[in-house]
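The values are calculated or read from the model by the stated rules, or taken from the named source; none is laboratory data. Since we're looking at a predicted model, the values are computed, not measured. Methodologically, a virtual Cβ is constructed for each residue, glycine included, from the backbone with ideal geometry; neighbour enumeration extends over all protein chains shown.
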Amino acid sequence: MAASLMSVIACSALPALAQDADTNRFSLEKTDSGFVRLDRKTGALTLCQEKDGTLTCRMAADERAAYEEELDRLEKRVAALERKQGEGQPLARSSENLPSDEEVERSIGIMERFMRSFFGLVEEFKQQEENSPPNKT
């Protein structure tokens, strides 16, 4: 029971850690014409202006060009896939792209070691909890 409780507690803490990391991802700096938003993760700059009490941000010119290029690339890819599907060609990846048996076994081994370590920690916490005297004041 305690082991499953510790597992639930450990897993429920992960989204909170991710949220904390995201709160520090962006920073705003005031400029003469508005604000500049810096994405600390990617280094991208976005220009922002305050209008009617709301902050409106738009992409910088070079960021916009990269965005447009990516959209064009994806549109071409979708069109090619739709053409293939119309011709009756299978869209699934071939078996040559699948991992080998050795790679699968290695991945399973890594996950098994991870799980054993994790549940070992849970057992240690459980033992500490059982061995510690109750805190009664």
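Laid out as a table, the results:
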quantity	calculated
Near pairs, Cβ below 7 angstrom, 6+ apart or cross-chain, from region 90-108 (under 30 Å from ALA80 (Cα atoms)) to any residue that is of a type outside the set (S, T, N, Q) and modelled with pLDDT of 70 or more	LEU91/LEU81; LEU91/LYS84
Residue in region 55-76 that is among the basic types (Lys, Arg), modelled with pLDDT under 90, closer than 30 Å to ASP32 by Cβ and part of a helix (DSSP H, G or I) present	yes
Residues that are modelled with pLDDT under 85 and loosely packed, with under 11 Cβ neighbours inside 10 Å, drawn from region 25-49	SER33, THR42, GLY43
Residue under evaluation GLN85, criteria (1) under 30 Å from LEU47 (Cβ atoms); (2) at pLDDT below 90; (3) surrounded by 10 or more Cβ atoms within 10 Å (Cβ to Cβ), criterion not met	(1)
